[in-house]
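Below is one structure, written out as structure tokens; the observations come after it.
The values are calculated or read from the model by the stated rules, or taken from the named source; none is laboratory data. Since the structure is predicted, the reported quantities are computational estimates derived from the model, not experimental observations. Protein only, heavy atoms only, side chains kept; ligands, DNA and RNA dropped before computing areas. Shrake-Rupley method; radii C 1.70, N 1.55, O 1.52, S 1.80 Å.
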Amino acid sequence: MDLYDIGLGNTDTKTRAGAEQDRIKFWESQARNLFWFNPWHTALEWNPPFARWFVGGKTNASYNALDVTVQKNPNKKAILWEGEDGTQRTLTYQDLLAQVSKLANALKQLGVKKGDRVTVYLPMVPELIVSLLACARIGAIHTVIFSGFSAQSIRDRVVDSKSSVIITADGGRRRGTIIKLKDVVDVAIADLDFVKNVIVLEHTGNNISYTARDKKWNEFVGSMEPFCDAEALDSTHPLYILYTSGTTGKPKGVLHGTGGYLTHVYSTFKWIFDICDSDVYFCTADVGWVTGHSYVVYGPLMHGATQVIYEGGLDYPTPARIWEIISRYRVTILYTTPTALRMFMKSGDALPNSNNLTSLRLLGTVGEPINPQVWKWYFKTIGKEKCPIIDTWWQTETGAAMISPLPGIETIPLKPGSAARPVPGVSISIVDDVGNKVQSDSKGYLVVEDPWPGMLLSLWGDDEKYKTVYWSKYKNMYYAGDFAKMDQDGYIWMLGRADDVLKVAGHRLGTAEIESGFVSHDTIAEAAVCGIPHDVKGESIIAFLVLRDGFVFTPNLKEELVQHIRKTIGPIATPDLLYFVKKLPKTRSGKIMRRLLKAIAKGEKIGDVSTLEDEASVDEVKSALAELEQTLKKP
Ligand code: ATP
Ligand code: MG
């Protein structure tokens with residue numbers, strides 16, 4: 001077992017000990033780090049499966065994210081923004097507060113009230129962050145839709161949330177083209193009369209048409225007063241609705257509250273990133289995903305941090321873009337995804353090596369299991385063996401990180417491929433089908449035993465579905481839908497989605513184990529495996545593989561890879577069929593959609609693909625399968 005004894009030297013044993021002594025009191029002490037208009041009278045009301053944190057307390061997310069820092073250090077830089085075309089903007093906390101106040105006043109003038117929903121469909125520009133905070137300031141519930149989604153996806157979400165106002169832009173920049181956001185919104189809401197107004201940011205200068213319900217940001221919002229008091233809201237007041245990535249099926253409208261959520265985000269941001277005044281933080285996640293909500297908007301801003309926000313492709317116009325940004329802004333903390341890392345890794349070491357990455361001190365990852373090989377590359381090539389790699393496991397539903405190394409408070413050895421231990425105040429177990437804890441190193445399903453502050457309130461407008469999806473498999477335990485194991489040191493290893501578990505000759509295998517086996521071979525950049533029914537074995541393993549740049553497919557390579565898996569994972573994991581493709585089907589948040597591969601391979605309907613990144617990947621998979629069928633038919 002590889003152990004990496006690298007941390008930041010912090011040794012605060014009190015935090016974990018406090019949580020172990022009394023979980024509720026511990027979270028109360030964490031909540032006191034926030035600003036409250038009124039204290040709470042009850043720390044947790046738990047009517048399974050509904051949790052309400054800090055009941056009676058009054059607070060405001062926008063006040064915590066802005067006013068708290070403005071009062072101490074108004075000129076602190078909040079956002080260092082860079083557009084794909086190279087344009088730069090800097091906003092201080094004071095600037096942000098003024099903009100947020102103007103938009104909050106504008107929303108009020110449009111009749112938006114506490115509890116009303118506002119849909120935000122913007123590219124990664126500062127106004128996206130401004131929009132969330134303006135909603136939060138007046139108690140409106142924001143619901144962000146990633147700016148790459150189609151008219152139909154927007155329509156579905158706007159109908160589901162019944163938003164009366166939509167905030168969008170004339171366009172957004174992505175890989176050299178302009179995505180015409182306003183045009184898409186027009187189609188999406190053409191016949192939705194309950195949408196009263198659309199606020200349009202002029203960002204790209206793209207020519208668009210305006211209708212009676214449209215308001216131009218510059219004119220309308222620009223004319224408002226730059227002061228707006230933050231509403232004192234109940235701790236349990238809904239802050240936002242956010243739809244999940246749709247990796248396993250139709251996206252779910254996750255509903256988050258205020259006080260508990262902010263407490264969990266505030267604490268984990270500090271424990272995970274060890275944030276200090278001089279840091280320049282850069283999270284590559286779009287605000288359209290939960291990582292952007294918690295660790296671009298609320299976490300960093302509540303800590304008065306300075307962060308880089310980038311609009312555009314991280315590999316555009318060249319794969320060096322990400323490294324140039326880090327070097328230009330002297331980024332100290334980078335938080336990204338395994339998918340992005342595999343893409344960077346695919347184009348080799350020369351680019352990161354020729355940029356100055358010496359400012360980096362901490363490297364994070366989230367979203368999918370990180371293959372140990374990719375972890376090591378991140379550690380060595382990007383962090384130059386000086387930065388801890390922080391693998392954080394969590395979900396849209398959990399609101400904030402649940403399992404992660406915490407270099408901000410403790411220094412523990414890191415194991416490539418493991419997200420280490422649950423964060424203080426969160427109780428996680430690995431259980432079998434009937435809910436009994438499994439032994440160390442045995443595989444099972446990940447559950448959360450007690451409610452935690454960042455826990456979702458429910459699914460928007462669907463308490464029944466909330467109960468069924470998360471609370472029906474086990475009694476009083478939250479079912480996360482992930483397959484995992486805990487080792488003897490209490491480190492958790494994520495093995496893939498529960499839905500994707502393979503059953504081969506009576507053994508259960510997680511997709512992540514086999515995929516990481518493939519990625520540990522020098523020729524493989526990415527791998528996705530799934531199981532299809534097999535008369536004798538139960539399931540047979542098929543793999544879709546993307547080669548690293550500079551390698552070509554040969555029959556010998558195929559055999560070599562099969563032997564490699566037999567050696568690294570074991571004969572039980574021997575793949576039956578290997579397909580080489582140029583790209584894998586992924587969600588727009590960068591997660592591999594294995595259910596799609598499985599459906600195509602079994603000739604079934606492919607289900608909800610509204611969050612699919614690229615239609616072409618489906619054709620890729622279909623033609624790889626067809627080609628193989630042809631080969632098999634040949635005499
Ligand atoms: P849907 O629920 O609609 O299928 P999704 O689960 O992909 O979509 P998210 O909430 O964005 O939606 O993703 C959470 C999931 O991402 C987790 O359940 C887990 O499977 C995976 N994940 C996140 N972080 C990690 C990590 N560090 N290691 C392993 N898996 C991770
Ligand atoms: Mg999920």
Interchain or sequence-distant (5+) residues whose placed amide H lies within less than 5 Å of the amide H of SER458 are LEU255
For segment 13-484, the percent of accessible surface on carbon and sulfur atoms (probe 1.4 angstrom, ligands and nucleic acids excluded) is 47 percent
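Could you order LYS437, LYS14 so the one with the most accessible surface comes first? Probe is 1.4 Å. Let's see the in-between values first.
On the way: LYS437 135, LYS14 165 Å².
Ranking LYS437, LYS14 by accessible area, largest first, yields LYS14, LYS437.
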The ³J(HN,Hα) series, computed from each phi in segment 287-292 with the Karplus coefficients 6.51, -1.76 and 1.60 at θ = phi - 60°, rounded to the nearest Hz and given as x for glycine or proline, is 5, x, 10, 5, 4, x
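Please compute the contact order of segment 13-484 in relative form: average sequence separation of alpha-carbon pairs under 8 Å and at least six residues apart, divided by the residue count, as a percent.
Working: 1004 pairs, mean separation 74.5, N = 472.
So the answer I get is 16 percent.
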With every protein chain kept in place and a 1.4 Å probe, segment 231-310 has an accessible area per residue in Å² of 18 Å²
Expressed in angstrom, Rg and Dmax over the Cα atoms of segment 13-484 are 21.4, 64
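Quantify, in whole percent, the carbon and sulfur part of the accessible surface of segment 517-596 (1.4 Å probe; protein heavy atoms only).
Details: 1820 of 3370 Å².
Carbon and sulfur atoms account for 54 percent of the accessible area of segment 517-596.
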So the angle from the long Cα axis of helix 126-138 to the longest Cα principal axis of the chain, reported in degrees to the nearest 10, equals 60 degrees
For segment 158-167, in residue order, the Karplus 3J(HN,Hα) values (coefficients 6.51, -1.76, 1.60; θ = phi - 60°; whole Hz; Gly and Pro = x) are 5, 5, 4, 8, 6, 6, 8, 10, 10, 10
Taking the alpha-carbon centre of each part, the distance from segment 239-274 to segment 168-202 in Å is 25 Å
Percent relative contact order for segment 505-633, counting Cα pairs under 8 Å at least six residues apart, stands at 21 percent
Rounded to the nearest 10 degrees, the helix 93-109 long axis (Cα) sits at an angle to the longest Cα principal axis of the chain of 70 degrees
Per residue, accessible area of segment 375-456 with a 1.4 Å probe, heavy atoms of protein chains only, in Å², comes to 27 Å²
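Set the bar at 22 Å for Cα to Cα. Now go through LYS473/LYS503; LYS114/LYS196; LYS386/LYS415; LYS384/LYS567 and name every pair that lies beyond it.
Values: LYS473/LYS503 20 Å; LYS114/LYS196 16 Å; LYS386/LYS415 15 Å; LYS384/LYS567 30 Å.
Result: LYS384/LYS567 exceed 22 Å.
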Length-normalised contact order of segment 348-389, Cα under 8 Å, at least 6 apart, in percent, tallies to 51 percent
Percent antiparallel among DSSP beta bridges confined to the chain, rounded to 5, stands at 55 percent
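My understanding is that a pair violates if its Cα-Cα distance is over 32 Å; which of LYS162/LYS586; LYS270/LYS598; LYS380/LYS583; LYS180/LYS591 do that in this structure? Intermediate results must be reported in sequence, preceding the final value.
On the way: LYS162/LYS586 28 Å; LYS270/LYS598 40 Å; LYS380/LYS583 26 Å; LYS180/LYS591 25 Å.
Over 32 Å Cα-Cα: LYS270/LYS598.
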accessible surface per residue for segment 505-633, probe 1.4 Å, DNA/RNA/ligands not counted, whole Å² -> 46 Å²
In degrees rounded to 10, the 0-90 angle between helix 615-633 Cα long axis and the longest Cα principal axis of the chain is 10 degrees
From the Cα centre of segment 553-586 to that of segment 31-59, the distance in Å is 51 Å
